[in-house]
Amino acid sequence: MFIAGNWKMNGTIEQARTLARQLANQLPTGAPTTALFPPAPHLSAVLAEVAESPIFVGGQDCSPHVQGAHTGDISAGMLADIGARGVIIGHSERRTNHGETDAEIHAKVSAAMRTGIGVILCVGETREQREAGEAEAVVRAQLAAGLPDPLSGNAVTVAYEPVWAIGTGKVATRDDISTMHRMIRAWLRAHQPPLAETFILYGGSVKAANADDVFAADEVGGALVGGASLKADDFLGIITAAMNA
Ligand code: PEP
């Protein structure tokens, strides 16, 4: 299992340090792979707090470019340089708020892979797309367009995050999660053999109270957690649920 906390654009540096310290100190022995994705200005502080723990740290986005005139952007190489070991790419908030296209996401995944850091590629349908019966086709298209082909190396994790479940308190049903995750697994086996057995995370309003149910769905290899990753007890509750799954 793999549990990732996406802190989004929340908190002060002191809050980030405190949360990272609490998680590093309280992470249970035998916990699944655990990763934190703080806002970029907090990366170094969080890296320092978790340095003695197995927790790894990543960025919430990276540029498709290596360097140059890209004001405000952060390259995958810069993330790697400060000790980040992963990056979230294609989160629905970036697709929506920044108009990120699948082509840009593809370029970002390629850029991250060239630096050797791990990628969490987010895919997922909107409410309208689900209601129109297009959910699986949308996710298949996002996988096909977002992943470099052929993929060299295997450090990509896929996160299925139905857009309508993110930050809304609405979790997809266990059946819907199972159906989508089985489809993603079959697609990866057929089209990206290096990723055939990679973790497929579920994301969308996962909390300690519903984590058991989410982890019981087919082919769920962990969770990408937003809101519930901002409090140590809540996030540790999800980690404990993963250990018991
Ligand atoms: C996310 O941002 O990836 C996410 C799943 O958020 P939340 O857990 O708050 O729905």
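Coordinate-derived values only; no laboratory data. From a predicted model like this one, the values you see are computed outputs, not experimental measurements. Methodologically, a virtual Cβ is constructed for each residue, glycine included, from the backbone with ideal geometry; neighbour enumeration extends over all protein chains shown.
Provide the convex hull volume over Cα atoms per residue for the chain, in Å³.
That works out to 114 Å³ per residue.
Rounded, prolate or oblate, given the Cα gyration tensor of region 111-245, with a/c below 1.5 counting as rounded?
Here region 111-245 falls in the oblate category.
Bin width 5 Å, origin at 0, all Cα-Cα pairs of region 39-118: what percent of pairs per bin?
3, 16, 27, 24, 18, 9, 4, 1
Among 33, 82, 19, whose Cα lies farthest out toward the positive end of the dipole of the chain, if unit charges sit on the beta carbon of Lys, Arg (+1) and Asp, Glu (-1)?
Working it through, the farthest residue towards the positive pole turns out to be 82.
Find out how many positive minus negative residues lie around residue 197, taking Lys and Arg as positive, Asp and Glu as negative, among other residues whose Cβ is under 11 Å from that of residue 197.
Combined, the nearby Lys, Arg, Asp and Glu give +1.
Report, as a whole number in µm² per second, the diffusion coefficient that Stokes-Einstein gives for region 176-235 at 37 °C and 0.692 mPa s using the Kirkwood radius over alpha carbon pairs.
268 µm²/s
Taking amide H positions as placed in the peptide plane 1.01 Å from N, state which residues far from residue 75 in sequence (5 or more) or on other chains have amide H under 5 Å from it.
63
Please give the per residue volume of the convex hull enclosing the alpha carbon atoms of region 110-160, rounded to a whole number of Å³.
Spelled out: Cα convex hull of region 110-160, divided by residues, is 69 Å³.
Name the lysines eligible as straight-distance cross-link partners of residue 231: C-alpha to C-alpha under 25 Å, and not fewer than 8 places from it in the same chain.
Candidates past the 8-residue exclusion: 8, 170, 207.
Looking at the square roots a ≥ b ≥ c of the eigenvalues of the Cα gyration tensor of region 1-63, which shape do they give, rounded for a/c under 1.5, prolate if a/b is larger than b/c, or oblate?
In terms of gyration-tensor shape, oblate.
State whether region 64-183 is rounded, prolate or oblate according to the following rule on the C-alpha gyration tensor (a ≥ b ≥ c being the square roots of its eigenvalues): a/c under 1.5 gives rounded; otherwise a/b larger than b/c gives prolate, and the remaining case gives oblate.
Verdict is prolate for region 64-183.
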